[in-house]
Amino acid sequence: MDRVLEFINTLSTWVGKAFGWSILILTFGVSYEVFMRYGLNSPTTWSYDIMYMMYGGLFLMAGPYTVSRDAMVRGDFIYRLWRPRTQAIVDLTLYLLFYFPGVTALIYAGYNFASLAWRFGETSIFSPISIPIYPMKMLIPTAGVLLFLQGIFEVVRCIRCIRDGAWPPRPHDVEELEEKILHEQERGSATDREVRG
């Protein structure tokens, strides 16, 4: 069971980091378009299409990564005051009542949306060169499936926390600057106490 859960979390991490590179494509695309449009007075016909497809892909595929890192928006000014077991009960309830039904709807509707786009060979109505967008629409149900899998990982974490009274450790690959500063201050205070003691 743990190996399956580790695979789910690793998959979410890998997909999120892979699609994170689309930020570079977005940056170069916007910069190139601005230069061509305002510097050379010769706007491109493809830059807008690349930008909105890259942003859409990034937005969709970063979702599972965000869930895996517990970086979702929550009113934690109340949540952080609760005991871990209470947090896990609330999280589990919200996952079952809202998260899974919403993600299931995303998979179902996204699959129908993407399959229609594939059947008709959909192209962009905003593009003067009518670039094909049906491959990009497959990201909608794919993101839904990845979100569903990551939700299973989170539910198991909640159940373990309810059972043990403490959250299982979560893999971290990025640390917020505020947390890093706080850890350094705590280490510095501990060192000062050792020197004085």
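Both radii are taken from the alpha-carbon atoms of region 2-171; with Rh as the Kirkwood radius, Rg/Rh is 1.09. The residues 180, 137, when put in order of fewest to most other Cβ atoms within 10 Å, stand as 180, 137. Each label was represented as a point 7 Å from its Cα along the Cα-to-Cβ direction; for residue 189 and residue 24 these points are 4.1 nm apart. Given Cα pairs under 8 Å that are at least 6 residues apart, what percent is the relative contact order of region 56-139? Over region 56-139, the number comes to 27 percent.
Diffusion coefficient (Stokes-Einstein, Kirkwood radius over C-alpha pairs, 25 °C, 0.890 mPa s) for region 1-63: 184 µm²/s, rounded to a whole number. For the chain, take the longest principal axis of its alpha carbons; what is the angle in degrees between that and the long axis of helix 84-94, to the nearest 10 within 0 to 90? Relative to the chain, helix 84-94 is tipped by roughly 30 degrees. Residues 33, 154, 6, arranged from fewest to most other Cβ atoms within 10 angstrom of their Cβ, appear as 6, 33, 154. Counting beta carbons within 10 Å around each of 4, 67, 90, 73 and listing the fewest first gives the order 73, 4, 90, 67.
Rounded to the nearest 20, the size of the Cβ-charge dipole of the chain about its Cα centre is 400 debye, with Lys and Arg at +1 and Asp and Glu at -1. Relative to the longest principal axis of the Cα atoms of the chain, helix 47-68 runs at roughly 20 degrees.
Here, each number is a calculation from the coordinates, and none is a lab measurement. These figures come from a predicted structure and were not determined experimentally. Positions of Cβ are generated from backbone atoms using ideal geometry, with glycine treated the same way; all protein chains shown enter the neighbour counts.
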